[in-house]
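Here the structure comes first, spelled out in structure tokens, and everything after it is commentary.
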Amino acid sequence: MTMKREPIVAGQFYPADPGILEREVRGYLSQADVSETAEGRTLLAMVPHAGYMFSGGVCGRTLGEARLPRTIVLLGPNHTGLGERMAVWGQGQWELPGGGIPIAESLAQSMVAQVPGCTFDPLAHKREHSLEVVLPFLRCLHPEIQVVPVAVSEPSPESLVSAGRVLGELLAAWEEPVSLVVSSDMSHYVSEKRAHELDRMAIDALRSLEPGLLYETVRRERITMCGVLPMTMGLAAVVTMGAKSARLVSYATSAEVTQDVEQVVGYAGILMD
């Protein structure tokens, strides 16, 4: 029997109707500036995971400019607190309106065998939305996509960097190209002015390609970037894979939709090559 992860936020964060969902996602992807698309493979894309009316534009523009292969390791935060600290969904497929996305099972098995801390654990994913929200974009970009979803709640920066480096070595040597997609929103529930200030600090740290600096900046400045843990791990991985640059593709806040500038959430889209 195939192990399936059913969608939990269809009809809330994104449309439950397959046709409407595809049209909406393609509309967001079409906002990408294709003149910015360079040669070679994107090693990592960081995109947000809010409701599409808030963050769909940032996610679409960013992934529309990415150059991703068909195999993706997805790293996201664990908002629920359930399950293991580096929880891998290792088999079957993730269902979405309009069809499921298969798990890259051999890669998942190798990750659990080699990457310290990675454990097969579906519990962490059962009620976690951060990776599900990104998948319709990836499916539109590559109908043959296969993924390894990982929910990351490991609090130790040393453990995250160590695991990321081993993951990077594994992916660099893998039999086919693999890229990472990290799911993260930025500042939560601060003024729009403050969100811009804080998120600029985190983005500058990201662009330095130093995972320790990202982690320390977010903690020191108390930036409520929900995906700092998976991004610290992902950044260590892509530096190991040879990433040389990081580019901010898009940034927005929820105030652009709600007009409330006192309590906003920030959304950033970043590509690393």
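Bear in mind that the values in this text are calculations on the coordinates, not laboratory data. These figures come from a predicted structure and were not determined experimentally. Positions of Cβ are backbone-derived with ideal geometry, glycine not excepted, and every protein chain shown enters the neighbour counts.
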Name the single residue, out of those in the stretch 207-224 being within 21 Å of SER162 (Cβ to Cβ) and of a type in the set (A, V, I, L, M), that is surrounded by the fewest Cβ atoms within 10 Å (Cβ to Cβ).
-> LEU213
Unique match (being farther than 28 Å from LEU214 by Cβ and either buried (at least 20 other Cβ atoms within 10 Å of the Cβ) or without any contact (Cβ under 8 Å) to a residue 12 or more places away in the chain (or both)) among ARG85, ARG26, ARG61, ARG5 = ARG5
Can you tell me which residue within the stretch 229-243, out of those that are among the hydrophobic types (A, V, I, L, M, F, W, C) and surrounded by fewer than 24 Cβ atoms within 10 Å (Cβ to Cβ), is nearest to MET111 (Cα to Cα)?
-> MET241
How about the stretch 70-89: which of its residues are of a type outside the set (Lys, Arg), part of a loop (DSSP other than H, G, I, E, B) and closer than 14 Å to ILE101 by Cβ?
-> TRP89
Which is surrounded by 15 or more Cβ atoms within 10 Å (Cβ to Cβ), under 30 Å from VAL264 (Cβ atoms) and out of contact with any Gly (no Cβ under 9 Å at 6 or more places or on another chain), of ILE72, ILE101?
-> ILE72
With respect to SER250, is the statement that it is under 24 Å from TRP89 (Cα atoms) and touching a Cys at 6+ places or on another chain (Cβ under 9 Å) true?
-> no
Quick one: would you say ALA16 is closer than 21 Å to GLY269 by Cβ and of a type in the set (Gly, Ala, Ser)?
-> no
Filtered residues of the stretch 139-166 (kept if β-branched (Val, Ile, Thr) and touching a strand residue (DSSP E or B) at 6+ places or on another chain (Cβ under 7 Å)) = ILE145, VAL147, VAL148, VAL150, VAL152
In the stretch 165-212, how many residues are of a type in the set (A, V, I, L, M, F, W, C), more than 17 Å from the chain's Cα centre (by Cα) and assigned to a loop (DSSP other than H, G, I, E, B)?
-> 2
When ASP260 is evaluated against the numbered criteria (1) at negative phi; (2) in contact with a strand residue (DSSP E or B) (Cβ under 9 Å, 6 or more places away or on another chain), which criterion, by number, is the only one it fails?
-> (2)
Of the residues in the stretch 189-206, those that are touching a residue at least 40 places away in the same chain (Cβ under 8 Å), surrounded by fewer than 16 Cβ atoms within 10 Å (Cβ to Cβ) and either charged (D, E, K, R) or at negative phi (or both) come to LYS193
Test each condition in (1) in contact with a helix residue (DSSP H, G or I) (Cβ under 7 Å, 6 or more places away or on another chain); (2) closer than 23 Å to VAL239 by Cβ for ARG85 and report the one that comes out false.
-> (1)
